[in-house]
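Below is one structure; the comments refer to it alone.
The values are calculated or read from the model by the stated rules, or taken from the named source; none is laboratory data. Quick caveat: nothing in here was measured; it's all calculated off a predicted structure. Heads up: the accessible areas ignore ligands, DNA and RNA and are worked out on the full protein's heavy atoms, side chains in. Shrake-Rupley method; radii C 1.70, N 1.55, O 1.52, S 1.80 Å.
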Amino acid sequence: MKGIGSLVALLSVLATSAWAQNQSNDEYTAFPSPYQEYVTFGISAHYAVAAPLGGQQTYIDKISPTNFVLQGEWLFPQRFSLGLKTGYQYNQNRLPRGTYQFSSGETISAVQTRTLTTIPAMVTASYYFSDNAAAIRPYVQLAGGGAFVDYTNFYGVLSDQYSRFKGAVAPAIGLKFYGRREQGLGAEIQAQYQHVFFNYAELPNSSPSLLISAGITYRWY
């Protein structure tokens, strides 16, 4: 968790320095870019690691390496965007063999394997600290909507499964780097706190997590 906290702090520093750099570059062209004049478009695909928090941490306390994030957005000249975000998140934790008693009174000895799958479907609103054509674009983002959650806890060959679509919110900060002004293809890093209002059995209260992701982004007009 200390490593993830350091990554979030580094991302914040990069975003702040990038914003300061771009403040001095806002007035540099004689003719406005199409990115500054019209509604343009962007897509991003990221690989992510996720650290469980809150109720999710009591169910699975391991960092998940099996996650991806996919996002599309409409970029407006006023430095804000509206978009859609989805992805796939999977976490698993295997416990040593133990003895478990169920509400039916049955007792079994088994290896318990806890799994949690989350597929978000959210609307995003982002604000960028530099213009739409800039080479470096730090931003803040708020996403809201829902997520399909599949809770499956295996006891050997038996399982306790519960699947629901629940509400979710996900504030984030990030940085897009294109290399030069108006370039289409770039790289992106993002830190996102995701809170899914899901609870069941060994996962009480809610299912929050921290996702640190990196990938590619592409903009066009």
Report task. Considering Cα pairs under 8 angstrom that are at least six residues apart, work out the relative contact order of the chain and quote it in whole percent. Result -> 23 percent
Report summary line: With Cα coordinates, the longest principal axis of the chain makes an angle with the long axis of helix 2-23, in degrees rounded to 10, of 20 degrees
Report summary line: Computed ³J(HN,Hα) along segment 82-94: with the Karplus parameters 6.51/-1.76/1.60, θ = phi - 60°, integer Hz and x for glycine or proline, the list is 10, x, 10, 9, 9, x, 8, 10, 9, 9, 8, 9, 9
Report task. Express in nm, to one decimal, how much length is gained between residue 181 and residue 78 on full extension, taking 0.36 nm for each residue of separation and deducting their alpha carbon distance. Result -> 35.4 nm
Report summary line: In whole percent, the fraction of accessible protein surface over segment 106-221 that belongs to carbon or sulfur atoms, probe radius 1.4 Å, stands at 63 percent
**Report entry** Accessible surface, per residue, of the chain when the full set of protein chains is kept, probe 1.4 Å, Å²
**Finding:** 49 Å²
**Report entry** Residue-span extension gain [residue 47 to residue 123] - 0.36 nm each, minus C-alpha spacing
**Finding:** 25.4 nm
Query raised in the report: ³J(HN,Hα) across segment 151-156 via Karplus (A = 6.51, B = -1.76, C = 1.60, θ = phi - 60°), whole Hz, x for Gly/Pro?
Result: 9, 10, 10, 8, 10, x
